[in-house]
Structure formats: structure tokens, C-alpha cells
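*Asks:* One structure is given below, represented as C-alpha cells, and several questions about it will come after.
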Amino acid sequence: MCRVFLKKAINVENVCTILDQSLLFQEVDLQKECLNFISRKTTKVLKSASFLSLPPSTVECVLNEYYLNCSELDVYFALKAWAVNACKQRETDHTNTEMIRDEMGAKLRLPPNTSSRVERFKSANDKPWSIRNQTDGIRFTMSGPFRLIGVILYRPINEGMVAGQISVYQGSNLKIDLQQSVNFAAEQITSDVMFTEVQLDPGKTYSIDQIFTGVGTYRGIESQTSHVVNEVEIQFICLYFGRSPNGTSVDTGQICGIMIDNDN
């Protein structure tokens with residue numbers, strides 16, 4: 001009941017606090033919800049009071065996420081503000097540049113990122129892709145083991161949003177089923193949606209279905225059906241006899257790509 005309540009209560013001002021507690025109590029699903037929210041509203045979250053009061057380990061968790069929708073300068077200034085506040089809390093000189101640098105660097109040794117973004121298209125077309133409560137789907141195979149940690153979706157071209165269901169299957173077995181919304185964001189074409197990881201085994205076929213309603217989105221063009229990540233080949237293949245009910249295929253359409261991780 002607490003978990004359900006907190007998921008519904010997440011907002012810009014409390015998401016960092018909820019993330020911190022979800023890490024403490026090892027609530028993985030709640031962590032994903034918080035990080036997904038942060039990915040959509042990164043700039044506002046980094047300026048929130050709750051971010052400034054986070055412990056170093058949770059700041060590290062937030063800043064180590066590659067899908068943050070903000071500039072490197074936004075991250076720098078947010079981290080600097082956090083470091084100044086940390087100095088104040090310990091009653092050290094928060095105007096001392098060296099002390100601020102120590103807080104920003106020495107205590108936040110970020111581990112190497114082992115995740116990869118695998119995008120199906122080289123570019124996107126701004127001719128609106130109709131979202132009509134029908135399935136846009138992709139299918140793919142792997143030549144080696146990975147973990148699926150998210151999907152890259154196209155955003156609306158103009159003001160508005162799309163919302164609906166995302167499902168992940170291994171063959172006919174349902175692995176992930178969640179409700180999701182994707183909002184318009186100026187000068188941003190895609191949105192990263194994180195979810196509970198799915199183990200990807202070599203030789204198995206996986207599919208991702210998206211059934212959304214809402215305004216028109218960008219569409220992928222100039223397809224790339226084959227990718228190699230750490231000597232593992234990822235192959236996108238035809239779905240629904242070449243084209244899903246809403247029109248997505250290996251050549252064009254929705255679902256820009258997938259996010260995978262090989263940190264075992």
C-alpha cells in the first residue's frame with residue numbers, strides 16, 4: 001500500500017526523497033518509477049530542494065543515469081549547488097573553492113557506464129506519425145546475453161502527449177506490462193522509458209509492443225536493422241508479417257530503439 005501511494009504521489013519536489021528511501025529499502029520498482037520521472041523532468045528536479053539534501057550515494061545514483069534530459073552545464077551547476085549545501089550542513093567553509101571541489105569530486109566517484117543505446121534509425125521525420133490505439137511493435141534477437149533496461153520512444157511533434165501500454169515479450173511470454181505517457185518537449189525528439197530489467201538470452205526472439213493514443217509523434221527513417229555491441233549482434237526483424245497494425249516496421253515508424261546493459 002505504501003509503494004502504490006508513493007508511486008502516485010511522485011512530483012518534482014519529492015521524487016529525490018522517494019528515490020532515496022526506495023534505495024534504502026531496496027524497492028527496485030519504485031526506484032525505476034523515480035528515475036523514469038527524473039528523466040522526464042530532469043532540469044526541474046535538479047533545481048529542487050530535495051536534490052540539495054540528498055546523501056552522496058543517491059546523488060551518484062541520479063547523476064550516473066545516462067538518460068537525463070538536460071545539458072552538462074545543468075548537471076554541473078546542480079552538483080555545485082549540492083556541494084555548497086553539503087559544506088553548510090557540515091559547517092565548513094562553503095565559499096572555499098577547494099572544499100566545494102572535494103565535495104563534487106572525491107565523494108562522487110562515478111562508476112563506468114556499461115549500458116548502451118541501440119537505435120533503429122539514423123534520423124527522424126517530422127511528418128506526424130498517427131497514434132490510433134493500435135499496436136506499434138518491433139521484434140529483435142541477440143547473439144549474446146544482455147539485459148533490457150528500457151525502450152526509446154518518439155515524442156509528440158507539437159504540444160500534447162501520447163499515453164497507453166507498453167509490453168515486452170519473450171516469444172509469447174509476457175515479461176513487462178506497464179502504463180506510460182510521453183510528453184512533448186521542445187527540441188527533443190525521443191524519450192527514454194525505463195522499466196524492470198529483462199534478461200535477454202542469445203537465440204531467443206523478443207518483441208516490444210506499444211499501444212498509445214494521443215497526438216502525432218516523430219517517426220524513424222533511415223533504418224539500421226543490425227547492430228554490434230561488445231561483439232554481440234542485435235538484429236531487428238519483421239513483426240506481424242512485415243508491419244505492425246499501426247504501421248511500424250523495420251524501415252519506419254515508432255519505437256526508436258532499446259536500452260541494454262551488460263553489467264553482470
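*Asks:* Please go through region 174-193 and pick out each residue that is hydrophobic (A, V, I, L, M, F, W, C) and either touching a strand residue (DSSP E or B) at 6+ places or on another chain (Cβ under 6 Å) or under 19 Å from Thr135 (Cβ atoms) (or both).
*Replies:* Here is the first cut: in region 174-193, the ones hydrophobic (A, V, I, L, M, F, W, C) are 174, 176, 178, 182, 184-186, 189, 193.
Result: Leu174, Ile176, Leu178, Val182, Phe184, Ile189, Val193.
*Asks:* Can you tell me which residues in region 161-187 are exposed (fewer than 13 other Cβ atoms within 10 Å of the Cβ) and of a type outside the set (Asp, Glu)? Steps first, answer last, please.
*Replies:* First, the residues of region 161-187 that are exposed (fewer than 13 other Cβ atoms within 10 Å of the Cβ): 171-174, 177, 179, 186-187.
Gly171, Ser172, Asn173, Leu174, Gln179, Ala186, listed by residue number.
*Asks:* Please determine whether any residue of region 142-156 is over 25 Å from Leu35 (Cα atoms) and buried (at least 17 other Cβ atoms within 10 Å of the Cβ).
*Replies:* Taking region 142-156 and keeping what is over 25 Å from Leu35 (Cα atoms), we get 142-144.
Filter again for buried (at least 17 other Cβ atoms within 10 Å of the Cβ), leaving 142.
For region 142-156, residues over 25 Å from Leu35 (Cα atoms) and buried (at least 17 other Cβ atoms within 10 Å of the Cβ): present.
*Asks:* Check Asp192, Asp201 and return the single one that is surrounded by 17 or more Cβ atoms within 10 Å (Cβ to Cβ) and among the charged types (D, E, K, R).
*Replies:* Working: Asp201 fails: surrounded by 17 or more Cβ atoms within 10 Å (Cβ to Cβ).
The conditions single out Asp192.
*Asks:* If you take the residues of region 32-47 that are buried (at least 19 other Cβ atoms within 10 Å of the Cβ) and over 12 Å from the mean Cα position of the chain (by Cα), which of them is farthest from Ala81 (Cα to Cα)?
*Replies:* Among those residues, the one meeting the criterion is Val45.
*Asks:* Tell me which residues, restricted to region 16-52, are of a type in the set (A, V, I, L, M, F, W, C) and in contact (Cβ under 8 Å) with a residue 40 or more places away in the chain.
*Replies:* First, the residues of region 16-52 that are of a type in the set (A, V, I, L, M, F, W, C): 16, 18-19, 23-25, 28, 30, 34-35, 37-38, 45-46, 49, 51-52.
Cys16, Leu19, Val28, Leu35 - these are the residues of region 16-52 that are of a type in the set (A, V, I, L, M, F, W, C) and in contact (Cβ under 8 Å) with a residue 40 or more places away in the chain.
*Asks:* Check region 12-28 and report whether any residue there is surrounded by fewer than 17 Cβ atoms within 10 Å (Cβ to Cβ), of a type in the set (D, E, K, R) and either under 16 Å from Ser181 (Cβ atoms) or at pLDDT below 90 (or both).
*Replies:* No.
*Asks:* Where residues in region 118-129 are within 10 Å of Thr217 (Cα to Cα) and surrounded by fewer than 14 Cβ atoms within 10 Å (Cβ to Cβ), which of them is modelled with the lowest pLDDT?
*Replies:* Filtering region 118-129 for residues that are within 10 Å of Thr217 (Cα to Cα) and surrounded by fewer than 14 Cβ atoms within 10 Å (Cβ to Cβ), the one modelled with the lowest pLDDT comes out as Asp126.
*Asks:* Only one of Val228, Val162, Val182 is closer than 29 Å to Ser71 by Cα and free of Cβ contacts under 8 Å to residues at least 24 places away in the same chain; which?
*Replies:* On the way: Val162 fails: free of Cβ contacts under 8 Å to residues at least 24 places away in the same chain; Val182 fails: free of Cβ contacts under 8 Å to residues at least 24 places away in the same chain.
Testing whether each residue is closer than 29 Å to Ser71 by Cα and free of Cβ contacts under 8 Å to residues at least 24 places away in the same chain leaves just Val228.
*Asks:* Being of a type in the set (Ser, Thr, Tyr) and touching a strand residue (DSSP E or B) at 6+ places or on another chain (Cβ under 6 Å) is the requirement here; does Thr196 meet it?
*Replies:* When the stated conditions are applied, Thr196 does not pass them.
*Asks:* Of all strands (runs of 3 or more DSSP E) completely enclosed by region 165-216, which ones contain at least 3 residues that are outside the structural domain of Ile38 (by TED's automatic domain parsing), closer than 23 Å to Gly144 by Cβ and of a type in the set (A, V, I, L, M, F, W, C)?
*Replies:* On the way: elements: 173-183, 190-200, 205-214.
Ranges flagged: 190-200.
The values are calculated or read from the model by the stated rules, or taken from the named source; none is laboratory data. All of these numbers come straight from a predicted model, not from anything done at the bench. No Cβ is skipped: glycine too gets one built from the backbone with ideal geometry, and neighbour counts run over all protein chains shown.
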